[in-house]
Amino acid sequence: MSNNVREVALDTLLHIEKNQAYSNLLLNQMIKKEKLSSKDVGLLTEIVYGTVQRKLALDYYLQPFLKKQKKLELWVMILLRLSLYQMVYLDRIPERAVIHEAVEIAKKRGHRGISGMVNGVLRSIQREGLPDFNVIKDDLERLSIEMSLPLWLLQKWAGQYGLDVTKEICKSTLEPPMVSARVNCNKAAVPEVLSLLEEENVVAEKGNLSIDAILISNGNLATTKVFQEGYVTIQDESSMLVARALGSQKGDKVLDSCAAPGGKTTHIAELLGNDGKVISVDLHPHKVKLIEEQVKRLKLTNVETFVSDSRHLQEHFNSEEFDRILVDAPCSGFGVIRRKPDIKYSKKLDDIGQLAVIQLSILNSVAPLLKNGGTLVYSTCTIDQEENAAVAERFLAENKEFIVDETLIDRMPEQLKPYVQNGQVQILPHYFGTDGFFIASFRKQV
């Protein structure tokens, strides 16, 4: 591996830390800019994601060896973190090579004192070993450092789910996410797509949870003809259950009120068999373009996009205009930490309450647009009950014409049915190896 990869990793991590940039988006930009080989791309991805995922643990390991140091520049701290990440978590790279590269980068970017310090710290750790987490007596505090999740978040989860489930959630956030895709039922069935992918040297199998899903274990799906010709859409399995939850019928007019980047819009459109109509709304024009790109690639003719704040849709549509409405609301995203590890450091406790207010206001704003007898589905990719069950409860309390839709269970996969209660389901990430997700279904009474 060229030391160029470690330098790119350092620049990427520095950018994430300074500018609160999303690691997944930034990584793609850096890969394009640096024109890295596929081998180097794999390693860069591992170093960047791994260092972000394990940040609190790495800082805990480094702390005793930095006691004599004055405040370090951010780039030096990140260089130590990414080097230690490789030493502790990546078996295939010899420690001496990691230390050598770190010292070379430090020489290049700083003065001799910095390279000497980096060398000294890493060699001391190599010689003396890592500090023990068990010194931390408090269970949640220890879990917070070991699993690199903020203490306030673990306190919240422990209050909602108990300590044992919180530990399971924490473990799942450090596991590599599955690459899953949804098969376009208008074009082909799952077995046909699996054999088409085999011809393009992509190793895939049937999904575990969604009947529309395939799981990719080897190969780059996005570069295949199968993807480009609209046979599949990259989407998590739990996210695929949302369009199914709506239960749309041919000829329905459906509103997807917070639709970007378009995964659920296109799934609803596919399930309608290119019949009926999906009005796909998002606040940001550049995000609406993403929806339009998906629609075009999948050759869907029943989607209309619209730029608007979902809280103002009553100005654009008539009361009782839609048969089904989906509110896949903006949320904290704590169900997708393994895909976007930076989320866990960028969100604050106050954000949760503010998001819950927005979520409820969107639900309240779109509710009058639903026909009597129609279905309203509320979903998020978070596992926080304040944004999920509590928002659903308040919505029902404030909108007496809506009731819990007990038939949601009939539209969910068999293995998920034990988790469905009162027309809602909270999928935790360790249940099926999917993203964490919440789905609630409401019926508007005639």
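Would you mind checking the tilt of helix 163-173 against the longest principal axis of the Cα atoms of the chain, expressed as 0 to 90 degrees and rounded to 10?
With both axes taken from Cα atoms, the answer is about 80 degrees.
When ligands, DNA and RNA are left out and all protein chains stay put, how many square angstrom of accessible area per residue does the chain have with a 1.4 Å probe? Present the calculation step by step, with values, prior to reporting the outcome.
On the way: 19990 Å² over 446 residues.
Here the per-residue accessible area is 45 Å².
When a/c is below 1.5 the answer is rounded, else prolate if a/b is larger than b/c, else oblate, so apply that to the chain with a ≥ b ≥ c taken from the square roots of the Cα gyration tensor eigenvalues. Intermediate results must be reported in sequence, preceding the final value.
Values: a/c = 2.22, a/b = 1.67, b/c = 1.33.
Verdict is prolate for the chain.
Residue-wise, which Karplus ³J(HN,Hα) couplings in Hz belong to the range 39-56, taking 6.51 cos²θ - 1.76 cosθ + 1.60, θ = phi - 60°, and x for glycine or proline?
Once θ is set to phi - 60°, the couplings for the range 39-56 become 5, 5, 4, x, 6, 4, 4, 5, 5, 5, 4, x, 5, 5, 4, 9, 3, 5 Hz.
Through the Karplus equation 6.51 cos²θ - 1.76 cosθ + 1.60, θ set to phi - 60°, convert the phi angles of the range 300-306 into ³J(HN,Hα) values in whole Hz; use x for Gly and Pro.
Those phi angles translate into 8, 10, 10, 10, 10, 9, 7 Hz.
Would you grab the residues whose amide H sits under 5 Å from the one on Gly207? Only those 5+ places off in sequence or on another chain, please, with H modelled 1.01 Å from N.
Correct list: Ala213, Ile214, Leu215.
Hand me the tally of lysine pairs in the range 14-97: alpha carbons under 30 angstrom apart, and the pair either on different chains or 8 or more positions apart.
The result is 17.
Starting from the Cα-Cα distance between Lys32 and Glu320, subtract it from 0.36 nm times their residue separation and give me the gain in nm to one decimal. Please list the in-between numbers first.
On the way: separation 288, 0.36 × 288 = 103.68 nm, distance 4.70 nm.
The span from Lys32 to Glu320 would gain 99.0 nm if fully extended.
May I ask for the distance between the Cα centers of the range 305-340 and the range 1-60, given as a whole number of Å?
Between the Cα centres of the range 305-340 and the range 1-60 lies a distance of 32 Å.
How far is the Cα center of the range 71-135 from the Cα center of the range 361-403, in Å?
When both Cα centres are located, 50 Å separates them.
With a 10 Å radius around each residue's Cβ, average the other Cβ atoms per peptide and rank 344-355, 426-437, highest first. Kindly include the intermediate steps, with their values, before the conclusion.
Values: 344-355: 14.8, 426-437: 22.8.
The packing order, highest mean first, is 426-437, 344-355.
Rounded to a whole number, what % of the accessible area of the chain do carbon and sulfur atoms account for, probe 1.4 Å?
Solvent-exposed carbon and sulfur of the chain make up 50 percent of the total.
With everything on Cα atoms, drop me the angle between helix 112-128 and the longest principal axis of the chain, reported from 0 to 90° to the nearest 10.
80
Which of these, Val179, Val327, Val357, has the largest mean-square fluctuation under a Gaussian network model of the chain (Cα springs below 10 Å)?
Looking only at Val179, Val327, Val357, the biggest GNM fluctuation is shown by Val357.
So what is the 222 nm mean residue ellipticity for the chain from helices alone, if each DSSP H run of at least 4 adds -39500 (n - 2.57) and you divide by all residues, rounding to the nearest 500 deg cm²/dmol? Write out the running numbers ahead of the final one.
Values: 19 runs with 214 residues, N = 446.
For the chain, the value works out to -14500 deg cm²/dmol.
Which loop GluC sites (Glu not before Pro) in the range 16-78, with loop taken from DSSP, have no more than 14 other Cβ atoms within 10 angstrom of their Cβ?
Numbers: sites: Glu17, Glu34, Glu46, Glu73; in loops: Glu73.
Passing both the DSSP loop test and the Cβ count: Glu73.
Using only Cα atoms and rounding to the nearest 10 degrees, what angle (0 to 90) does helix 23-34 make with the longest principal axis of the chain?
Helix 23-34 sits at roughly 60 degrees to that axis.
So what's the net charge close to Val425: Lys and Arg +1, Asp and Glu -1, counting the other residues with Cβ under 11 Å from its Cβ? Write out the running numbers ahead of the final one.
Values: positive: Arg411, Lys417; negative: none.
Summing Lys/Arg as +1 and Asp/Glu as -1 gives +2.
Got a sec to turn the phi values of the range 419-433 into Karplus ³J(HN,Hα) couplings, 6.51 cos²θ - 1.76 cosθ + 1.60 with θ = phi - 60°, whole Hz, x for Gly and Pro?
8, 8, 9, 6, x, 8, 9, 10, 8, 8, x, 7, 5, 10, x
The values are calculated or read from the model by the stated rules, or taken from the named source; none is laboratory data. Quick caveat, the model's predicted, so the values are computed rather than measured. Every residue, glycine among them, receives a Cβ derived from its backbone with ideal geometry; neighbour counts consider all protein chains shown. The area values use the complete protein model at the heavy-atom level, side chains included, leaving out ligands, DNA and RNA. Shrake-Rupley method; radii C 1.70, N 1.55, O 1.52, S 1.80 Å.
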